[in-house]
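Asks: The structure is given below, and queries will be raised subsequently.
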Amino acid sequence: MDFDDYQKAANRTLMGKEQVLTNCALGLTGEAGEVADLIRKYTFQSDKLDHDQLVKEMGDVLWYLSQIAEWADIPFDEVATDNIARLKQRYPSALK
């Protein structure tokens, strides 16, 4: 699945038409916090890093990010492509 296909499929599950940007931005911060909390507990409390839970929370972050891009009429593939291009400039020997 490419990023644009993901964005379209994810958009079918978007509920509501009001305050979409605010809802997605706040949801993104909440889900990013869930990812950070799993890592914090792993790092500082010796919890086992739960692979399945981490995948779930990262997927939630991806969903919110894709919907912010959708709201702004930005193809999600463009976000990924632009990011890799910038990484190539910063780390040319790592990404040939």
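Asks: One residue is enough: does segment 73-82 have a residue meeting the conditions free of Cβ contacts under 8 Å to residues at least 60 places away in the same chain and touching a Leu at 6+ places or on another chain (Cβ under 9 Å)?
Replies: First, pick out the residues of segment 73-82 that are free of Cβ contacts under 8 Å to residues at least 60 places away in the same chain: 73-74, 78, 81-82.
Of the ones still in play, those that are also touching a Leu at 6+ places or on another chain (Cβ under 9 Å) are none.
Within segment 73-82, not a single residue is free of Cβ contacts under 8 Å to residues at least 60 places away in the same chain and touching a Leu at 6+ places or on another chain (Cβ under 9 Å).
Asks: Taking the conditions exactly as written (free of Cβ contacts under 8 Å to residues at least 12 places away in the same chain and at positive phi), does Gly30 satisfy them or not?
Replies: On the way: free of Cβ contacts under 8 Å to residues at least 12 places away in the same chain: yes; at positive phi: no.
When the stated conditions are applied, Gly30 does not pass them.
Asks: Taking segment 56-96 as the search range and keeping residues that are in a loop (DSSP other than H, G, I, E, B) and charged (D, E, K, R), which one is nearest to Tyr6 (Cα to Cα)?
Replies: Checking each candidate, the answer is Asp73.
Asks: A further question follows. Hey, can you tell me all the residues within segment 1-53 that are surrounded by 10 or more Cβ atoms within 10 Å (Cβ to Cβ), of a type in the set (A, V, I, L, M, F, W, C) and within 22 Å of Val79 (Cα to Cα)?
Replies: Once the filter is applied, which keeps residues that are surrounded by 10 or more Cβ atoms within 10 Å (Cβ to Cβ), of a type in the set (A, V, I, L, M, F, W, C) and within 22 Å of Val79 (Cα to Cα), segment 1-53 yields Phe3, Ala9, Ala10, Leu14, Val20, Leu21, Cys24, Ala25, Leu26, Leu28, Ala32, Val35.
Asks: For segment 49-75, what are the residues that are of a type in the set (Gly, Ala, Ser) and more than 15 Å from the chain's Cα centre (by Cα)?
Replies: The first filter runs over segment 49-75 and keeps only residues of a type in the set (Gly, Ala, Ser), leaving 59, 66, 69, 72.
If the condition is that a residue be of a type in the set (Gly, Ala, Ser) and more than 15 Å from the chain's Cα centre (by Cα), then Ala72 is the only one that fits.
Asks: Only residues that are among the basic types (Lys, Arg) and either over 26 Å from Ala25 (Cβ atoms) or in contact with a helix residue (DSSP H, G or I) (Cβ under 9 Å, 6 or more places away or on another chain) (or both): list them for segment 57-89, please. Walk me through how you get there before you give the answer.
Replies: Taking segment 57-89 as the starting set, the residues that turn out to be among the basic types (Lys, Arg) are 86, 88.
Of everything in segment 57-89, just one residue is among the basic types (Lys, Arg) and either over 26 Å from Ala25 (Cβ atoms) or in contact with a helix residue (DSSP H, G or I) (Cβ under 9 Å, 6 or more places away or on another chain) (or both), namely Lys88.
We did not get these values from a lab; they are worked out from the coordinates using the rules stated. Computed from a predicted structure; not experimentally measured. Here the Cβ is made from the backbone with ideal geometry for all residues, glycine too, and neighbour counts use every protein chain on show.
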